[in-house]
Structures are given as C-alpha cells and as structure tokens.
1. Checking the condition in a strand (DSSP E or B) and not assigned by TED's automatic domain parsing to the domain that holds residue 288, which residue from 423, 401 passes?
2. Confirm whether residue 358 is crowded, with 17+ Cβ neighbours inside 10 Å and not assigned by TED's automatic domain parsing to the domain that holds residue 288.
3. Applying the selection to the range 416-436, what residues are under 60 Å from the mean Cα position of the chain (by Cα) and without any contact (Cβ under 8 Å) to a residue 24 or more places away in the chain?
4. Check off (1) without any contact (Cβ under 8 Å) to a residue 12 or more places away in the chain; (2) within 28 Å of the chain's Cα centre (by Cα) for residue 172 and give me the number that stays unchecked.
5. Show me the helices (runs of 4 or more DSSP H) found entirely inside the range 54-128 where at least 2 residues are within 27 Å of the chain's Cα centre (by Cα) and surrounded by 17 or more Cβ atoms within 10 Å (Cβ to Cβ).
6. From the list 388, 384, which residue is in a strand (DSSP E or B), within 55 Å of the chain's Cα centre (by Cα) and at pLDDT below 90?
7. Can you pull out the residues in the range 1-33 that are under 18 Å from residue 91 (Cα atoms) and outside any helix (DSSP H, G or I)?
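The values are calculated or read from the model by the stated rules, or taken from the named source; none is laboratory data. The structure displayed is predicted, hence computed values, not measured ones. Cβ placement follows ideal geometry from the backbone for every residue including glycine, while neighbour counts extend to all protein chains displayed.
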C-alpha cells in the first residue's frame, strides 16, 4: 500500500512538474482572461447596458458560469492556483541541476566533450604557451575575461559572458508566481463597488457588485465636480474634488480625473461618471406685481425655500420634476432623468387667504399663473450634479506590479541575454609531437549569431598567432612554471 501511494504521489508530482501541464494551464488562463475582456463585466457595466447587450437567457448563463465576473470567479482562482503549483513543481524539479550548472561552470573540456561540441576548430601552434597567450589576447580583444585552467599537467583557457542568463527562466517563473499570487489575493480579499456623491455630500457606504453595502472606516466628500468639453461640445474630461474625512477631520484632498485616482489606505477612488442628479441647486425668477404698480424684482429659490414678495405675499418652491407627465389633471414624475422638466411654485397671499399654483411651463387646467398676484417668469435654473466613483480595494496589486516588472526583466534575459562560453585547449599529437590549439564554443540561444562570433574569434586567433614570436624550450618551461 505504501509503495502504491508513493508511486501515485510520484506520478502526480511528475504530471504537475511537466512542461506540457504548465503550458496547457497557462493557455487556459490566457483564454479565460481574454474572455474577461470581451464579455461585459460587472459592476463596471451598467445593468441596462448588460441587458441590452445580451438576451435574458444568455445573461443568466453568463452570470451562472461567472463569465460576467471572470477575475473573481472561484474556478478562475482555482485555475491560477493550479498554474502556480505547476510552476513551483517544475522549478523544484529542475532548479538543482540548473544551480549546479550555474554555480560550478564547466571550465575544462575533456576529450569526449571536445569531440561532440559544435562549433569547434583547431589551429596549428608552435608550442603550448603560444596557443594559450594567443587565446587570451583574442578573447580580451572581444571583451571577455579569460582565465587559465589547470588540469594535472594540462592547461586550458576558459571565458564566458552572461552566465546569469541561465537563471532567466526562473526569474520568469518567480514573476508569474507573484502575478498569480496577487490576482488570487485580490480575488479572495479584494472588492469593487460604486459610490455616487452629490456636490457637497459625504458618505462612507460603497455599494458592492453583489448588491451589498460596505462601510468604509472613513468618509469621502465631494466638494465640487465638473466637466470640460471640446469646442464641439463633446465631453473632454470629468473631474471631482474629493476630501477624505476621518474622525471629523479632513485628512487628505485631491482633484481626481479619469486614470488618476485618489488612493487612501489601499482604497482607490476612480472617476467613472458625471452628470445632473435631477435636483435643483438654484432657481432664479423675476416677479412683477399683476396690478402693474410696483417694481419688478429677481429672486433665487432652492427647493422648499419660501421667499417674501411683499408684506402680505410669499412664494415657495414646492417641487421640481425632472421628467413630468400630466394625466387626469395630475402631474406625475415619469422618471428621474432630466428630459421634460417642470417647476412648481406656490404664491400665497395673506390678504386674500388664497394660494396659487404656478407652473413652469404653464400647465393648462392646473396652473394659476395668470391668477396669481405676481406674474412670475423663469430667469435661470442651475441643476445639481453628481460624481460617479468606482471604488476598489486590491491588496494584491503590489505583488502583481512587482511581478510585471520582474517578468519584463526575466524575458529580457531569456530572449536578449545570451550565455556564451569559449574554451581553448593546446593538444599535443602523440605520434608527431606537434601542437594544435583546439577552440570550441557554445551559446544557450541565438546560435546563428554566435556562429559569427565564433568565426570572428578564430580569425582573430589566426592573426594573433602570426604576431607572437616563438619561444625557446627553456623560455617555454619557465613561462609555464610561472603560471
């Protein structure tokens, strides 16, 4: 039983560590991530827009499978955890060999290695020291730092560049783990919601995507919001002046625009919308006595404000309807959208004890505009506005962005940094007693370009060998002994 368990565990481990498993899982993550950018996502998309984009049946299927909230769906988080486990298993399985290769470079090639290495060549040399000196000079000229390697009674030259490139794949692995870790943390502990504020309003209640409300440990106030337009009148940008209020103190202020949020204690407030809230800030009217005696005056009213017109007469702003309809002699609010507005004022006279309903626009059979003791005319209407904020708390973002930066570094090492190695070994023919200089090289990628670099080294070696004077046997022994 124990043997079977160990065998099964080993099989599971090998499957997890397989490159094929990792690639398949990574492809699935990419596919579903792409789906998350194609399918409209909640709560970034308004419910009406979702219903217009999909049929009720399709929307039920998308919601039920989590495709309208891909990056927080349990199956997507599980998939990222599986990819992370596969990356860890593959790294653990292969890293020991890679570390040995990195920490203990192969500096002296034996005969079997020299036979199979490509590219390689051999050059005739007068003696061992001449070949070693020529190899050192040539490698120095190409920007390498050669070192002499001693193996019993043999000498060799070894030079390399960019050994760290061998670790590039593990830098990529670490970056992917950081990105997936941050995404899983955001998926479990992060949240997104919306917060709409009227100008001057303060709130700490954020409506989440699931319809619940989250209360922040601080409040956010909108002092002012606005819109800048292009010359043709189309919106250029929205902006909001926000204030963070904690313990009845203003602790931070910022004017935000799209893609420049206010961030406080890990909570981000993005500008997402702006528009009229259907409420009146100020209604300016002109009042002229119906009797013709008296001066015309201009007054400003807020909803439910009462202002005296004279000692016996007052005017009250009773209500404002952003989109009205008249049915059976009654005025109804059709919607909260500003489409067909109506303002209702009440003029009261103490002398007559009567009240007169004044409507703008004048509504037949309802309005008393002509009967009122004052003739009122609208002068200006200033509507209130709201700012729409997207609010998010994403505690894993530091890991995601660190992983993105690290991924860029790792990919640069993988694709653009080449680990090049060169060996030069003087070889003596046992039969003739003559020396040849064996030169070989290898690169972990981009071998065509490396082949040109190897040819440059050989050409430089041939030129260097022609310029090195021959040494006598006694000088050669002394020089070798000095090394």
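1. On the way: 401 fails: in a strand (DSSP E or B).
Every option except 423 fails the conditions.
2. On the way: crowded, with 17+ Cβ neighbours inside 10 Å: yes; not assigned by TED's automatic domain parsing to the domain that holds residue 288: no.
In short, no.
3. To start, the set of residues in the range 416-436 that are under 60 Å from the mean Cα position of the chain (by Cα) comprises 416-427, 436.
Within the range 416-436, just 416 meets the criteria.
4. The failed condition is (1).
5. Working: elements: 56-65, 74-103, 111-116.
Correct list: 74-103.
6. On the way: 388 fails: at pLDDT below 90.
Result: 384 is the single residue among 388, 384 that is in a strand (DSSP E or B), within 55 Å of the chain's Cα centre (by Cα) and at pLDDT below 90.
7. Across the range 1-33, the qualifying residue is only 18.
Let's see how each residue does on (1) buried (at least 19 other Cβ atoms within 10 Å of the Cβ); (2) in contact with a strand residue (DSSP E or B) (Cβ under 8 Å, 6 or more places away or on another chain):
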| residue | (1), (2) |
| --- | --- |
| 143 | no, yes |
| 146 | yes, yes |
| 154 | no, yes |
| 159 | yes, yes |
| 165 | yes, no |
| 169 | no, no |
| 175 | yes, no |
| 180 | yes, no |
